[in-house]
Every structure is written in C-alpha cells, then in structure tokens.
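Undergrad: Sharing a structure here in structure tokens format.
The values are calculated or read from the model by the stated rules, or taken from the named source; none is laboratory data. Given the structure is predicted, the values throughout are model-derived calculations rather than measurements. Note: ideal-geometry Cβ built from the backbone for every residue, glycine included; neighbour counts use all protein chains shown.
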Amino acid sequence: MIKNITLGQYFPGNSVIHRLDARMKLVLVIAVIVLVFMARTVIGNAVVLAFLAAVIIMSRISVKFVLRGIKPLWFIILLTFVLNVFFHQGGNELFSWWILRVSEEGLISAVRLAARLIFLITATTMLTLTTSPISLTDGLESLMKPLKAVRFPVHELAMMMTIAMRFIPTLIEETDKIMKAQTARGAEFDSGNVIKRATGMVPLLVPLFVSAFRRADELAFAMESRCYHGGEGRTRMKVMHLAGRDWAAAAVVAALIVFMAFGF
Amino acid sequence: MPIELENLTYTYMPGTPFEARAVDDLSLKIEDGEFLGIIGHTGSGKTTMIGLIAGLLKPTSGRVLIDGEDIAAKGYDRKKLRRKIGVVFQYPEHQLFEETVYKDIAFGPGKLGISEAETEERVRYAMELMELDFDSVKNLSPFELSGGQKRRVAIAGVLAMKPSVLILDEPVAGLDPAGRIHLMNMIRRLNREGVTILLITHSMDDLAENARRVVVLKGSRLLMDGTPAEVFARREELTAASLDVPCVAEIAAKLRARGKDIPPGIIRLDDLQRCVEDMLGGRP
Amino acid sequence: MAVIEAKDVTYAYASEDNISPALWNVTLSIEPGEFVAIIGHNGSGKSTLAKLLNGLYTPASGQVAVKGMDTKDERHVWDIRRTVGMVFQNPDNQLVATVVEEDVAFGPENLGVPPEEIRQRVDEALEQVNMSAFKEHAPHMLSGGQKQRVAIAGVLAMHPEIIVFDEPTAMLDPEGRDEVLAAIRDLNSKGKTIVLITHYMEESLLADRVVVMTGGQITATGTPREIFADEAVLKHAGLTAPPHIELYHRLTNKGYDLGECPLTVDELVDKLCR
C-alpha cells in the first residue's frame, strides 16, 4: 500500500552520496541551486549537467528512478518551454503565425529555462532520494540550532516533523478503514457534485480527526512516561560528524561556483 | 443460496515488489440463517474475504454472487447490497461522527432512503437490541460515552439497517468479560430471528458455544469447513495453522489421552460437564 | 522497602457531576521482585491506578510514593518515571520515531545518557525482547505484538526497577498476546518487579499476587489460586473464570471433592483422573 512509500521517496543505499552528512547535503543543494542560476553559457550549463550526471552515477540509483521525480512537474516544464518558444519578445524572427512568434532567441531561451527547471528538480530529487527522512529532519534541526538564540522552537519543530512522519502511514491505513466502514453503511465518497462530495467527507474526516487527537493524547502520556520534557538536556544516539568526503564534496561545489563566476 | 464465493482471488498491489495474494482461489456457499465462524491466523485473509463479500473490494479474479447475481457486474444495485449485508468492523466505535447518538445510528437508514418515521422505529429497535436506553441516550454526543457504550452505538448503527446478513470482524476485541457475554447474547438472538451471521473471531470458546459451522483459513486458502465439533477435533492441524482449540475441547482431548471415555465432538461446557460427571460415576 | 506504596488514594476525573470517583480509598504496596496482577472489569479503576503509579496523575487525597518519593512532589517527577516504567494498551500510540532503534533510544535520550551508552542500552533492550532483527524497520510495518515488544524495549532502555503494564494485550491477537506475556514472564524471572493490569483472568495466573478491583475499590487480594477459588469474588467483580476453572466450580458445587482450585488445564485433568 501507499504506506510502503516513504516521504519524498527515499531510495535506501550505501553509496558515497548516501553517506554524505545530511547537513552538508542540505547546504550543498542550496549551493547547487545558486550554481544553476549562475550558469549563462552553453559551457556553463554543460558543466552543471555533467555534475548532476556524476552525482546520479555515484548514487547508484537508476536514471529511470530519478526521472520519476520529474514526472509530476513535466507539465510546468512543457508550459515554460512552449510559452517561451511562441511568445518571446524580440530577437530574429524565424516565422510567425497569428499571435505566435518563433524567434531564434526565443528558442534558445526556452531550452535554457527548461534545462534550468530540470536541473533544479533533479538536484532536489537527488537530495530526497539519498537522504532518509529522519536524517533530513536531524540535519535541519542541527542547521537551525543558531535560531534558538531568537527563541525559535527548533527542537519542537523537529519533534513535530518526526512524529508526523511516523504517523502518516498509520493515518493512511486508518483512513482506509474508516472509508470502508462508512461505505458499508451507505456513504458514498466518489459521487455527486462538489458540494455533495464535500459534505460527504464528514463521516470520514470527523472520525479521523477524533482518532488523531486521541492518539496525540495517548502518545503524550507515553512520552511523558519516558521522561520527555522538551529539548533541554537531551542527548542523541546518532551523532552526525563531517568526514573527508563531506569536505571533498564541498570543495567540488565551491570550485564550480568559482568557475561559474567567470561568466560561464 | 444467498452468498456464493466462486474461485475468489484478491491480490494486493499487483505488479509491484509488494504484491501479495490475500485470498487465493476461495470457493464457499453460505445459506440463509447460518451461523458461520471464520477463523485463521493473522494475515490468512479473513478481513479481505469479508471486504469482498460486502462489495468493498473488487476481486482480482472470481466472483461473489448474492442471490445468484454477480455483485461486481455493471449495473448491480449497490443499495440492494447495503440493505442486505451489514458489516461491523474491528473497533467500530472509531466510525462514530454525528452530533447525537440518534443521528449517528440513523445515518445508515438515511442512506438507504428510509422514511423518517420508519427510521425512528429502527433506531429504537437497534438501541433496544444493544441495551441502550432510547430516551436518555439518543440526544447525547457519541463522544461523551464510555468505550463500551460507544461500541454499542456503532453496532446499533449497523443493526438499524436491518441487514439479512450480518458480518462481524472480531466484535469482542478489547471488551471485558461482561461486555463479551452481552454482545454474544445479542448476536445469538439475531441469529434466532433469522439473520445470517458471519463471525470472525479469535475466541474459539465463543464459536464452540454458538456457531453451527466453522471455516478455517490458512495462508489465504480454505483449510477446513465443517461443524465446530468436526473442526475442533483436528487439533494438530489447527496448531500447525497457529490456531488454538476451545478450552473445553482441550480438556476433552487430554482426558481421552489418559484413557478416559469422553465421546468425540465435545466442545461445549455443558456437554463436557455431563460427560465428566458420568466419568466420575454420579455423586461421589 | 516497598518499591511503590499507595496509601488511601482517591481520584476523580474532572466533570460536572462527581458522583462517584474513579478510585476510592485504595491502599496497595508493591515489593521488589514481585509480580502483581491487578484485575477488574472495564471501569473498575485499574487503568486510573496505573497512571497514579508513575505520577501521570496525582491523588486527590492520599499518597503515592515511589521508593519514598511522593508523586505530588514535582522535584521527583523524572526520577519517579525513570524508576517506574509504563507500557500502555495501544501499541501504535507509544511509538514516536520512524525507525525502531530510534524509538527505543527515545527514553535514554530524554535522560541525557551519553551517546555510546545509549547505543549499548538500545541493543541490549532489543535483545531482551527478541526484536534485534527489526532494529532498522519502520514501526508501522510491524505486527501488534512486535510493536508492543518495541514499546517494552523502549522502557527497558531506561533501566527501570519496576514496569507497569496497563492492559498490554487487549488490542493484540493471540499470537501477539503470547509474545508479550512471554516477554513479561522473562523479565520477572530476571528480577524486574512487574505490575500487570488486565481483564483477562488467564494472564493473572502468572502472578505471585492478584489484586481484584471493583467499582474503584480493591475488593480482594490473594494468590491466583485463592482468588480463582472464590466464585463470589469473581462474580461480584464482573469477571468470568476460564472454562476449566468454571468446570471445577460447577463440579465442586455439586458435591464432588476435587481439592484445591486448579490453575491450569493440566492440573484439572490430573484431579479428574486421580
């Protein structure tokens, strides 16, 4: 069932990319996004492409799987491409018809923008494919620690995210059970106009929410029984530490940024 | 021949690495008025089977026929199905959602298009069956009630639809002994009134005392089908299927192993008591 | 010295009409190493009592002391909860992390235990409940019995002296129930003080001492044999004896002399074949 697919579609593995520190990966993804926007020339874009291809190869995840991450967004990419091909202002006109106008510049711009989108989606997909949800949460929590100084509830947010991830499959299962029970009483979840469908959700949503609150209540008792008292004084079993490969990855990305800065 | 399962198979997540056959080539005929117990280890397909019978799941292959009609066929009247078959799932109290007990119990009849006057009659009937006082409870919020009361309201919600076939999936789970006795009494009473009962349970004792037919599932397939006495006599096979036998059957088997003359097929306590008294030779 | 000492405890849930409290004048003490079963019908107050034993609830009147520490004293709250571990009824609603070993580590992490020691405690705890193979699994993929064992491991990792089980098998299938009871028996044999709260009489057979609760009060205490032999107590408490004990009572009431109340089917069969 859906419960077998984890958030962001983590693909377990033991490659170098998988073993990079989650915090470093988060920082590097942002750096790579900057890199993608910096690339202006064909060479620049080719370098980005080569970098991403190298990351995919080193992660030992099949390209097919990576492209699946792009699938949900293919429409936006196509739309961007089409808009730029037919509506770009200026440049040497190649041909026009009605309000559509194809120019050389338009074509180049369309390709560049589409490429950019694909690079961005690929970079973030690689992050979620190679980093487990808990590592991501731990990494985020660690990176946000400085915000504690301005009273930002870092630990609480991280705890909420972990518990949410833990219960999503459970709640999905419960939704299925409630739907079956109410369907057996004659409820219909897939027919009628918009309004009918909205009110038809009440027999599903009310029990689900009631159940979720009850779970939260029981979970709170269990957490308190295990001495949970917030983030103060808590240690962690898994300690993150930066290794040689993390610095190497950082160095590579830094070098690429310097390279791009020369106007590529 | 109200319910007939013909070579029923159901596969979860076909085509994925998680593909699993929950029900495998199951064939079964259930007559009107039967009291059928369904037992099997966890994962043996019991819940899937009732999901298929109630039309909540579509078979991967095979058919479910009710009164001779294939319920998965195009144009089959779903309302007819809901009217005929009522299902009480595990922990039914989790399905309560209305503002008042009355409204929640009236939900099912409402969906069947039943008049308000008749709905009220049915709510009264269902609440009486579940030992809930109509006047004092009907306007309470279901969420204010105790766990046991909630369950009774939820079951009343299904009974108010007056199904001719009532399927129950472990209805006594989590109930204390008194709660269990009350519920089993209610089920027995309904069966006497002509309702066909399909009961999934882990309580062999309950089946020994009430069921007239027991069906055993193992690894998605039908392992045994017979009277409780016949099924529970096959102790080793049941143990191999990770199932217990009723306590009474176990006592009888152990007495027989010690050479005592206890006739086969003893699974009810009253019967065992009589046999043991005979064995001990009347009053000492 | 008793590990837990409850004296004259009364507790009522906040509601508009406090007609009858959930617990009334309950006095109970648990000695180190004991296995005490608390049985009673739903609503008899047993689950309320559980939450009073580790300070989740504090008594309206009377006192609960854990190793001399009063549960009302806020300074001792975390020491009390470290000493008295608790396992609840719903296997799902106790697991907090997305991976089994991370959940077991939750308790020690809260206690500020150093990382390497946490690792050790987690591995030991999972070993004790036979769940080491599932270290890296996601909780939602486990069976009920497995989830409960992970919950038990999570409590064990805190090194409690006593573990209170609040109806731990009520939501499990027979297989899961056997797994959990086996784990409990094993823990007690290794010296852990156990309080098992249940409405299944068969489970109380494992205990050294049985406490019967009815309507918020303790109505009987004794060894399992003493309690099961007393039909009146069981009836009053809304409990049903398992069939083999029911048979013993029926025969004894008819005048047959079968001696002491049997605890197991084998004991009954022995008596009948004597």
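Undergrad: Take the conditions out of contact with any Ser or Thr (no Cβ under 7 Å at 6 or more places or on another chain), surrounded by 17 or more Cβ atoms within 10 Å (Cβ to Cβ) and under 25 Å from B:Glu250 (Cα atoms) and apply them to C:Leu239. Does it pass?
TA: Working: out of contact with any Ser or Thr (no Cβ under 7 Å at 6 or more places or on another chain): yes; surrounded by 17 or more Cβ atoms within 10 Å (Cβ to Cβ): yes; under 25 Å from B:Glu250 (Cα atoms): yes.
Against the criterion (out of contact with any Ser or Thr (no Cβ under 7 Å at 6 or more places or on another chain), surrounded by 17 or more Cβ atoms within 10 Å (Cβ to Cβ) and under 25 Å from B:Glu250 (Cα atoms)), C:Leu239 qualifies.
Undergrad: Wholly within the range B:210-284, which helices (runs of 4 or more DSSP H) include no fewer than the required count, namely at least 2 residues that are at the interface with chain C (Cβ under 10 Å from one of its Cβ atoms)? If you could, list the steps in order and put the result at the bottom.
TA: On the way: elements: B:228-233, B:235-240, B:247-257, B:269-279.
Passing ranges, in order: B:247-257, B:269-279.
Undergrad: Residues that are facing another protein chain (nearest Cβ under 9 Å) and over 27 Å from B:Leu175 (Cα atoms): does the range C:159-171 have at least one?
TA: No, that holds for no residue.
Undergrad: Moving to a separate point now. Could we say that A:Ala164 is at pLDDT 90 or above, under 30 Å from A:Leu242 (Cβ atoms) and part of a helix (DSSP H, G or I) here?
TA: Values: at pLDDT 90 or above: yes; under 30 Å from A:Leu242 (Cβ atoms): yes; part of a helix (DSSP H, G or I): yes.
The answer is yes for A:Ala164.
Undergrad: Could you list, in sequence order, the residues of the range C:87-103 that are charged (D, E, K, R) and facing chain A (nearest Cβ under 7 Å)?
TA: Restricting attention to the range C:87-103, the residues satisfying the condition of being charged (D, E, K, R) are C:92, C:101-103.
Matches in the range C:87-103: C:Asp92, C:Glu102.
Undergrad: Considering only the range C:43-72, how many residues are in a loop (DSSP other than H, G, I, E, B) and within 14 Å of chain A (Cβ to nearest Cβ)?
TA: Here is the first cut: in the range C:43-72, the residues in a loop (DSSP other than H, G, I, E, B) are C:43-45, C:54-60, C:67-68, C:71-72.
Remaining after also requiring within 14 Å of chain A (Cβ to nearest Cβ): C:54-58, C:71.
Summing the residues that are in a loop (DSSP other than H, G, I, E, B) and within 14 Å of chain A (Cβ to nearest Cβ) in the range C:43-72 gives 6.
Undergrad: Based on what the data block shows, is C:Gln146 polar (S, T, N, Q) and within 12 Å of another protein chain (Cβ to nearest Cβ)? Walk me through it before giving the result.
TA: On the way: polar (S, T, N, Q): yes; within 12 Å of another protein chain (Cβ to nearest Cβ): yes.
Yes.
Undergrad: Given the criteria closer than 30 Å to C:Met131 by Cβ, in a helix (DSSP H, G or I) and touching a helix residue (DSSP H, G or I) at 6+ places or on another chain (Cβ under 8 Å), does C:Asp103 qualify? Explain how you work it out, then say what you get.
TA: Numbers: closer than 30 Å to C:Met131 by Cβ: yes; in a helix (DSSP H, G or I): yes; touching a helix residue (DSSP H, G or I) at 6+ places or on another chain (Cβ under 8 Å): yes.
When the stated conditions are applied, C:Asp103 passes them.
Undergrad: OK, next. Where in the range A:10-91 are there helices (runs of 4 or more DSSP H), lying fully within it, with 3 or more residues that are of a type in the set (Gly, Ala, Ser) and surrounded by 12 or more Cβ atoms within 10 Å (Cβ to Cβ)?
TA: On the way: elements: A:16-19, A:22-38, A:42-59, A:63-70, A:74-87.
Once the helices (runs of 4 or more DSSP H) in the range A:10-91 are filtered for at least 3 residues that are of a type in the set (Gly, Ala, Ser) and surrounded by 12 or more Cβ atoms within 10 Å (Cβ to Cβ), what remains is A:42-59.
Undergrad: Also, quick follow-up: I'm checking my understanding of the structure. Among residues of the range B:141-174 that are charged (D, E, K, R) and either at negative phi or assigned to a helix (DSSP H, G or I) (or both), which one is farthest from the other protein chains (Cβ to nearest Cβ)?
TA: Within the range B:141-174, the first condition is being charged (D, E, K, R), and the residues that meet it are B:144, B:150-152, B:162, B:169-170.
With either at negative phi or assigned to a helix (DSSP H, G or I) (or both) added as a condition, the list becomes B:144, B:150-152, B:169.
Details: B:Glu144: 10, B:Lys150: 11, B:Arg151: 11, B:Arg152: 13, B:Asp169: 10 Å.
Result: B:Arg152.
Undergrad: Kindly indicate whether any position in the range A:189-200 is among the charged types (D, E, K, R), closer than 30 Å to C:Asn90 by Cβ and not assigned by TED's automatic domain parsing to the domain that holds A:Asn45.
TA: no
Undergrad: Quick check on my filter: what residues within the range B:112-135 are assigned to a helix (DSSP H, G or I) and more than 14 Å from every other protein chain (Cβ to nearest Cβ)?
TA: Going through the range B:112-135, the residues assigned to a helix (DSSP H, G or I) turn out to be B:116-129, B:134-135.
Within the range B:112-135, B:Glu116, B:Ala117, B:Glu118, B:Glu120, B:Glu121, B:Arg124, B:Tyr125, B:Met127, B:Glu128, B:Leu129, B:Phe134, B:Asp135 meet the criteria.
Undergrad: For the range B:178-189, enumerate the residues that are crowded, with 19+ Cβ neighbours inside 10 Å and either touching a Lys or Arg at 6+ places or on another chain (Cβ under 6 Å) or not β-branched (Val, Ile, Thr) (or both). Even if it seems obvious, please write down each step before you answer.
TA: Start the filter on the range B:178-189 by keeping residues that are crowded, with 19+ Cβ neighbours inside 10 Å, which leaves B:179-180, B:183-184, B:187.
Passing the criteria: B:Gly179, B:Arg180, B:Leu183, B:Met184.
Undergrad: Strands (runs of 3 or more DSSP E) wholly in the range B:12-106 with at least 2 residues that are at pLDDT below 90 and in the same structural domain as B:Val195 (by TED's automatic domain parsing) - which ones?
TA: On the way: elements: B:20-30, B:35-40, B:61-66, B:85-88.
Strands (runs of 3 or more DSSP E) meeting the threshold: B:20-30.
Undergrad: Under 7 Å between Cβ atoms, which residue pairs at least 6 apart in sequence (or on different chains) link something in the range A:158-179 that is within 14 Å of C:Thr98 (Cβ to Cβ) and assigned by TED's automatic domain parsing to the domain that holds A:Asp217 with a partner that is part of a helix (DSSP H, G or I) and of a type in the set (S, T, N, Q)?
TA: Here the result reads A:Ala158/A:Thr137; A:Met161/A:Thr137; A:Thr162/A:Thr137, each pair linking the range A:158-179 to a residue that is part of a helix (DSSP H, G or I) and of a type in the set (S, T, N, Q).
Undergrad: Right, next: Before we move on, is A:Gly200 within 14 Å of chain B (Cβ to nearest Cβ), of a type outside the set (S, T, N, Q) and over 22 Å from C:Met86 (Cα atoms)?
TA: Details: within 14 Å of chain B (Cβ to nearest Cβ): yes; of a type outside the set (S, T, N, Q): yes; over 22 Å from C:Met86 (Cα atoms): yes.
Yes.
Undergrad: Can you find a residue in the range C:134-150 that is in contact (Cβ under 8 Å) with a residue 40 or more places away in the chain and charged (D, E, K, R)?
TA: The answer is yes; a qualifying residue exists.
Undergrad: Sort out which residues of the range A:239-262 are in contact (Cβ under 8 Å) with a residue 12 or more places away in the chain, touching a helix residue (DSSP H, G or I) at 6+ places or on another chain (Cβ under 7 Å) and over 13 Å from A:Met38 (Cβ atoms), and write them in order of number.
TA: A:Met240, A:Leu242, A:Arg245, A:Asp246, A:Ala249, A:Ala250
Undergrad: Just to verify a result, which residue in the range B:63-98, among those that are surrounded by fewer than 16 Cβ atoms within 10 Å (Cβ to Cβ) and under 22 Å from the mean Cα position of the chain (by Cα), is farthest from the other protein chains (Cβ to nearest Cβ)? Don't jump to the end; show me each part of the working.
TA: Here is the first cut: in the range B:63-98, the ones surrounded by fewer than 16 Cβ atoms within 10 Å (Cβ to Cβ) are B:67-70, B:72-80.
Narrowing further to those that are under 22 Å from the mean Cα position of the chain (by Cα): B:67, B:78-80.
Working: B:Asp67: 18, B:Arg78: 8, B:Lys79: 7, B:Lys80: 11 Å.
Ranking the candidates gives B:Asp67 first.
Undergrad: For the range C:233-274, how many residues are more than 23 Å from C:Glu203 (Cα to Cα), outside any loop (DSSP other than H, G, I, E, B) and either more than 10 Å from every other protein chain (Cβ to nearest Cβ) or of a type in the set (Gly, Ala, Ser) (or both)?
TA: Within the range C:233-274, residues that are more than 23 Å from C:Glu203 (Cα to Cα), outside any loop (DSSP other than H, G, I, E, B) and either more than 10 Å from every other protein chain (Cβ to nearest Cβ) or of a type in the set (Gly, Ala, Ser) (or both) number 2.
Undergrad: Also, I was wondering about something else. State all residues of the range A:110-155 that are small (Gly, Ala, Ser) and touching a residue at least 40 places away in the same chain (Cβ under 8 Å); if no residue qualifies, say none.
TA: Pass one, the range A:110-155, residues small (Gly, Ala, Ser): A:110, A:114-115, A:123, A:132, A:135, A:139, A:142, A:149.
Of everything in the range A:110-155, those that are small (Gly, Ala, Ser) and touching a residue at least 40 places away in the same chain (Cβ under 8 Å) turn out to be A:Ala115, A:Ala123, A:Ser132, A:Ser135, A:Gly139, A:Ser142.
Undergrad: Does B:Asp206 satisfy the condition of being within 20 Å of C:Glu246 (Cβ to Cβ), surrounded by fewer than 22 Cβ atoms within 10 Å (Cβ to Cβ) and within 14 Å of chain C (Cβ to nearest Cβ)?
TA: Working: within 20 Å of C:Glu246 (Cβ to Cβ): yes; surrounded by fewer than 22 Cβ atoms within 10 Å (Cβ to Cβ): yes; within 14 Å of chain C (Cβ to nearest Cβ): yes.
The answer is yes for B:Asp206.
Undergrad: Considering only residues that are closer than 21 Å to C:His140 by Cα and surrounded by 13 or more Cβ atoms within 10 Å (Cβ to Cβ), which ones fall in the range A:182-215?
TA: First, the residues of the range A:182-215 that are closer than 21 Å to C:His140 by Cα: A:207-215.
Passing the criteria: A:Pro207, A:Leu208, A:Val210, A:Ser211, A:Ala212, A:Arg214, A:Arg215.
Per-residue answers, yes or no, for (1) closer than 23 Å to A:Leu205 by Cα; (2) under 22 Å from the mean Cα position of the chain (by Cα); (3) among the β-branched types (Val, Ile, Thr):
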{"position": "B:Thr100", "(1), (2), (3)": "yes, no, yes"}
{"position": "B:Arg124", "(1), (2), (3)": "no, no, no"}
{"position": "B:Glu131", "(1), (2), (3)": "no, yes, no"}
{"position": "B:Phe134", "(1), (2), (3)": "no, no, no"}
{"position": "B:Ser164", "(1), (2), (3)": "no, yes, no"}
{"position": "B:Ile181", "(1), (2), (3)": "no, yes, yes"}
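Undergrad: Here is a follow-up. Answer yes or no: is there a residue in the range A:58-65 that is at pLDDT 90 or above, of a type outside the set (Asp, Glu) and at negative phi.
TA: Yes; the residues of the range A:58-65 include at least one that is at pLDDT 90 or above, of a type outside the set (Asp, Glu) and at negative phi.
Undergrad: Answer yes if at least one residue in the range C:12-32 is farther than 28 Å from C:Asp208 by Cα, assigned to a loop (DSSP other than H, G, I, E, B) and among the aromatic types (Phe, Trp, Tyr), and no otherwise.
TA: The initial filter retains those residues of the range C:12-32 that are farther than 28 Å from C:Asp208 by Cα, namely C:12-21.
Keeping just the survivors that are assigned to a loop (DSSP other than H, G, I, E, B) gives C:12-21.
From the residues that got through so far, the ones that are among the aromatic types (Phe, Trp, Tyr) too are C:13.
Checked against the condition, which is being farther than 28 Å from C:Asp208 by Cα, assigned to a loop (DSSP other than H, G, I, E, B) and among the aromatic types (Phe, Trp, Tyr), the range C:12-32 yields at least one hit.
Undergrad: Right, here's the next one. Looking at the range A:193-227, which of its residues are modelled with pLDDT of 95 or more, out of contact with any Gly (no Cβ under 6 Å at 6 or more places or on another chain) and part of a loop (DSSP other than H, G, I, E, B)?
TA: Passing the criteria: only A:Cys227.
Undergrad: Would you check which residues across the range C:106-123 are at the interface with another protein chain (Cβ under 7 Å from one of its Cβ atoms), in a helix (DSSP H, G or I) and not small (Gly, Ala, Ser) and list them? Before the answer, list the steps.
TA: Going through the range C:106-123, the residues at the interface with another protein chain (Cβ under 7 Å from one of its Cβ atoms) turn out to be C:106-107, C:109-115, C:118-119, C:122.
After this cut, where a residue has to be in a helix (DSSP H, G or I) as well, the list is C:106-107, C:109-111, C:115, C:118-119, C:122.
Answer for the range C:106-123, where residues must be at the interface with another protein chain (Cβ under 7 Å from one of its Cβ atoms), in a helix (DSSP H, G or I) and not small (Gly, Ala, Ser): C:Phe106, C:Glu109, C:Asn110, C:Leu111, C:Pro115, C:Ile118, C:Arg119, C:Val122.
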